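The structure under discussion appears below in the form of structure tokens.
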Amino acid sequence: MPRRPPPSRRRAPRQERAQATCDAILTATARILLKDGYEAASTNRIAQEAGVSVGSLYQYFPSKEGLVTALMERHRAQGLADFEAGLVPLASQPLPVAMRALIQQVISVKRENPKLNQVLHELKPRMRQWGLSDAYSQRLFRLVRAFLAPRFEELRPQNLDMAVFILVNTVEALSHSAVTERPDYLEDPLFVEELTALVLGYLRPEPATSAPRRTARERVARM
């Protein structure tokens, strides 16, 4: 039988002090995940790091899995809220301007805490094992689809859902690879320009030019 998905919280904090306790627990969870990884994180150690009792931790979070899920939800919710807010002023902008701004926003989120982004990305397969759906990705797909829908007649792809799937996963995969393999790219404006060119080339490629094609020997000579 599939494992029952863990709830992210046992109960929601209602007072400011309780919210501060939850925030401290989640911040401690992030620190331990970054320092020693998921296997080394235990509720006892997290409680000690947060400066609270294990009993206080269990008042709000049912398990280590629930802690990690809540941390991921908090991290992604903020990034998604910023992305959604950024869509509003871009709705009337030309497609190249809008896509460049959106990709810049994605890169900015990755740049804020690249190590935490990497750790949480690596924990996504565990979420699937717990039976949790990726609500973040589902919401992101819907936002991008709603943004592109009014422009769809101008675009090359014929299937909007497929186009959104390709775009979102391409930008996410490349930006995550930059986090893990080339963090210097996150600081390089050229990386945003290259991703923008890639996306625009897929959505609305330029017409083929009549310029003569170089021979293989000419191409080699220019390398």
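The values are calculated or read from the model by the stated rules, or taken from the named source; none is laboratory data. Only a predicted model underlies this, so the values are computations on that prediction, with no experimental measurement involved. Ideal geometry is used to build each Cβ from the backbone, glycine not excepted, and the neighbour counts take in all protein chains shown. Keep in mind that these areas ignore ligands, DNA and RNA; they rest on the heavy atoms of the full protein, side chains included. Shrake-Rupley method; radii C 1.70, N 1.55, O 1.52, S 1.80 Å.
Of the helices (runs of 4 or more DSSP H) contained entirely in the range 11-65, those carrying at least 3 residues that are touching a helix residue (DSSP H, G or I) at 6+ places or on another chain (Cβ under 7 Å), closer than 18 Å to Leu120 by Cβ and not assigned by TED's automatic domain parsing to the domain that holds Gln118 fall at 16-36. Do we find that Ala101 is in the same structural domain as Phe141 (by TED's automatic domain parsing) and open to solvent by 30 Å² or more (accessible area, probe 1.4 Å) in this structure? For Ala101, the condition - in the same structural domain as Phe141 (by TED's automatic domain parsing) and open to solvent by 30 Å² or more (accessible area, probe 1.4 Å) - is met. The set of residues in the range 60-87 that are polar (S, T, N, Q) and surrounded by 18 or more Cβ atoms within 10 Å (Cβ to Cβ) contains only Thr69. The set of residues from the range 170-187 being polar (S, T, N, Q), within 14 Å of Ile103 (Cβ to Cβ) and without any contact (Cβ under 8 Å) to a residue 60 or more places away in the chain comprises just one member, Thr170. So, Glu84, is that one touching a Lys or Arg at 6+ places or on another chain (Cβ under 9 Å) and more than 17 Å from Phe191 (Cβ to Cβ) or not? Criteria met by Glu84.
Yes/no matrix, rows are residues, columns are (1) under 14 Å from the mean Cα position of the chain (by Cα); (2) modelled with pLDDT of 95 or more:
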| position | (1), (2) |
| --- | --- |
| Pro150 | no, no |
| Glu154 | no, no |
| Asp161 | no, yes |
| Val179 | yes, no |
